[in-house]
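Shown next, in structure tokens, is the structure this report addresses.
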Amino acid sequence: TFSVWPTRLLATTVTIRSGGMLNLPGPFTPRDMSNRIYVVCTDLTVDSGGLLDANQGGYTREEGPGLGAGASHGGRGGNYTCGPTYGVSNAPVEPGSGAIGSGGGHGGGAIRSAAAGTVTVNGTMRANGGGRVSIVDSGGSGGSIYITCDRLAGSPSGLIQATGEATTHNGNSGGG
């Protein structure tokens, strides 16, 4: 579990085996700014069944620069009262924002992988927003996954995902 923003895993080869996981402790407020998974290595492999999990590891509900009824991040939330978009699409490093309301969703966290060689994703890397209390609450925005490497590889079952929380009925979805 990565619990302090500057924390990073430094290694030559990092392999997340089936059932293995790197994760975050949960959503935070701006004064904490504590959640990010940061791996610096030569080669990173996420085996099938392995997980880098930053779901709901960004700003807590009612917090973040994209705060709104349907929080925004790289993309707009699903409502005219959504928050402003923020971040850089070709170097995403910021966590997702929470949504307005006591039942609003939390933002997704941030994953940063800096590999000099190959990143192979056969498992899952995810930083999704979520955490709504009821079907009428708004969704948190997706977080960030920023991978730099010489070669990106993987299988059709590999998943890299940073989506906003989808909602139903009267809720407003979070932006990706």
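Of the residues G96, G109, G26, which exhibits the maximal mean-square fluctuation in a Gaussian network model of the chain defined by a 10 Å Cα contact cut-off?
Most flexible of the set in this elastic network: G26.
At a 1.4 Å probe radius, carbon and sulfur cover how many percent of the accessible area of the chain?
Ligands and nucleic acids excluded, carbon and sulfur reach 49 percent.
Which residue fluctuates most in the GNM of the chain (Cα springs below 10 Å): T12, T45, T120?
T12
Can you tell me the relative contact order of the chain? Whole percent, Cα pairs under 8 Å, sequence separation 6 or more.
After rounding, I find 23 percent.
Of the labelled options [x] 13.4; [y] 9.3; [z] 18.9, which one gives mean projected area of the Cα convex hull in nm² as computed for this structure?
This structure yields the entry labelled [y].
Residue by residue through segment 53-63, which ³J(HN,Hα) values in whole Hz follow from phi under the Karplus form 6.51 cos²θ - 1.76 cosθ + 1.60 (θ = phi - 60°), with glycine and proline marked x?
Along segment 53-63, the couplings run 10, 10, 4, 6, x, x, 5, 6, 3, 6, 9 Hz.
Provide D32, D43, D53 ordered by accessible surface of protein heavy atoms (probe 1.4 Å), highest first.
The residues order as D32, D43, D53, largest area first.
Based on the Kirkwood radius over alpha-carbon pairs, what is the Stokes-Einstein translational diffusion coefficient of segment 63-159 at 4 °C with 1.567 mPa s viscosity, in µm²/s?
After rounding, the answer is 93 µm²/s.
Over the chain, what is the percentage of antiparallel beta bridges among all DSSP beta bridges, to the nearest 5?
5 percent
Quick one: which residues, 5+ away or cross-chain, put their amide H under 5 Å from the amide H of S173? H built at 1.01 Å from N.
Amide H neighbours of S173: G78, G139, T167.
Considering only protein heavy atoms, what per residue accessible area in square angstrom results for segment 1-126 with a 1.4 angstrom probe?
42 Å²
Averaged over all directions, how much area does the convex hull of the C-alpha atoms of segment 64-113 cover when projected, in nm²?
3.3 nm²
The values are calculated or read from the model by the stated rules, or taken from the named source; none is laboratory data. Computed from a predicted structure; not experimentally measured. To get the accessible areas, we keep the full protein, side chains included, count just its heavy atoms, and leave off ligands, DNA and RNA. Shrake-Rupley method; radii C 1.70, N 1.55, O 1.52, S 1.80 Å.
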